[in-house]
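Right, one structure below, let's go through it.
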Amino acid sequence: MAELVGDRDRDRAAQELQRHYRDGRLTTEELAQRLEAALRARSTKQLGSALKGLPAAWRMDAAALRGAVQSPVRAVRNAAILAATAVVWLFWSGGLFVAFVAWLAAKGPSLGALLVFPLLWFAVSWLLWTGSRRRRAR
């Protein structure tokens, strides 16, 4: 005997069908027919027939499977890299802000200071975060 399904299961199936439609696997007519079948489904067998022939969303290749069962040591290492990057970024941002205020107090506002400091902050921030992402990906 097939297991009964609830509203949540039918909604998930409908979202899955819409994803396949967006990906070009279903025509508008097929989507309408399958959505009607999915939303009227009372059992897993009926729900499965609405999704029949479509690839499952959860299929994983070997690389994705390795990432899903990532070792705790690597997760801790990545968290430490992220925390260290955040601390360096906070000190960098604070130091640059103090330098900017000191520059304004000493020399007054100028177009150069108003352009250079934000661009310098953005460039170094971007380099820090992209470098952090590369280190965590190893």
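A few comments on the model shown:
- Count of residues meeting criterion [assigned to a helix (DSSP H, G or I) and either aromatic (F, W, Y) or over 18 Å from R40 (Cβ atoms) (or both)] in the range 11-26: 4
- For the range 90-113, a residue qualifies if it is part of a helix (DSSP H, G or I), exposed (fewer than 13 other Cβ atoms within 10 Å of the Cβ) and modelled with pLDDT under 90, and the qualifying residues are L111, G112.
- Where helices (runs of 4 or more DSSP H) fall entirely within the range 27-84, those with at least 1 residues that are acidic (D, E), surrounded by 11 or more Cβ atoms within 10 Å (Cβ to Cβ) and at pLDDT 90 or above are at 28-40.
- Filter result (in contact with a strand residue (DSSP E or B) (Cβ under 9 Å, 6 or more places away or on another chain) and either among the aromatic types (F, W, Y) or part of a loop (DSSP other than H, G, I, E, B) (or both)) within the range 1-10: M1, A2, E3, V5
The values are calculated or read from the model by the stated rules, or taken from the named source; none is laboratory data. Everything numeric in this text was worked out from a predicted model, so none of it was measured. With ideal geometry, Cβ positions are generated from the backbone for all residues, glycine too; neighbour counts draw on all protein chains shown.
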